[in-house]
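Report on the structure given below.
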Amino acid sequence: MTSSFTTRPESAGDVAAIREVNLAAFPSPHEADLVEALRADPQAWLPGLSWLAETPGGDLAGYALLTRCHVGDTPALALGPCAVRPEHQRRGAGSAAIRAALRAAAEQGENLVVVLGHAEYYPRFGFTPASGYGIRPPFEVEDKYMMALALDPARPVPSGVIRYAAAFGV
């Protein structure tokens, strides 16, 4: 799938547009509210890890967010929310935003990213079941939906229970 989307990190003027894309992508305001709560949490929010995918005309089409979590006591990243406006779904906007966020995380020296999501979607980015690393969520979920990605496979990956930012409510 070839993408004509460009990517860039969030800037101060993007807050309202990011809320709009999350409201358009999901049936409730939960994800939009979650992004705002994460943005307000200095323990969770990491500059440069909120990424946008834009159309050639500059309209926001997709969004991906990485925030601080921990696996055991080791810092890691949680991917999500990720959102794509309905009219741009299945066209590469979400993939473009996620790939850009993951590249930025690697460039910042991060190594481990966890995601709770579609078992058919996230493996395209290299995610595999988190249980393979000895990583467990703090709630019950089928193994195939809780995934992890080591951005640098040469570095050690911690094991243990994921501790999400408070905004996630788990």
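The values are calculated or read from the model by the stated rules, or taken from the named source; none is laboratory data. Keep in mind the model is a prediction, meaning the values are calculated, not measured. Here the Cβ is made from the backbone with ideal geometry for all residues, glycine too, and neighbour counts use every protein chain on show. Only protein heavy atoms, including side chains, enter the accessible area calculation; ligands, DNA and RNA are left aside. Shrake-Rupley method; radii C 1.70, N 1.55, O 1.52, S 1.80 Å.
Each residue in segment 18-32 was checked for being more than 13 Å from Cys82 (Cβ to Cβ), not polar (S, T, N, Q) and not in a helix (DSSP H, G or I), and 2 pass.
If the condition is being in a helix (DSSP H, G or I), more than 24 Å from Arg163 (Cα to Cα) and out of contact with any Ser or Thr (no Cβ under 8 Å at 6 or more places or on another chain), then segment 78-100 contributes Pro86, Glu87, Gly94. Among residues of segment 50-61 that are more than 17 Å from Arg90 (Cα to Cα), those with a Cβ under 6 angstrom from a residue that is assigned to a loop (DSSP other than H, G, I, E, B) and open to solvent by 10 Å² or more (accessible area, probe 1.4 Å), sequence gap 6+ or separate chain, pair up as Ser50/Glu10. Residue count for segment 46-85 under the criterion of being under 14 Å from Phe168 (Cα atoms) and open to solvent by 50 Å² or more (accessible area, probe 1.4 Å): the result is 0.
In the condition set (1) over 18 Å from Ile162 (Cβ atoms); (2) open to solvent by 60 Å² or more (accessible area, probe 1.4 Å); (3) in contact (Cβ under 8 Å) with a residue 24 or more places away in the chain, Arg103 is compliant with all but (3). Of everything in segment 13-30 that is under 17 Å from the mean Cα position of the chain (by Cα) and without any contact (Cβ under 8 Å) to a residue 40 or more places away in the chain, the residue that is surrounded by the fewest Cβ atoms within 10 Å (Cβ to Cβ) is His30.
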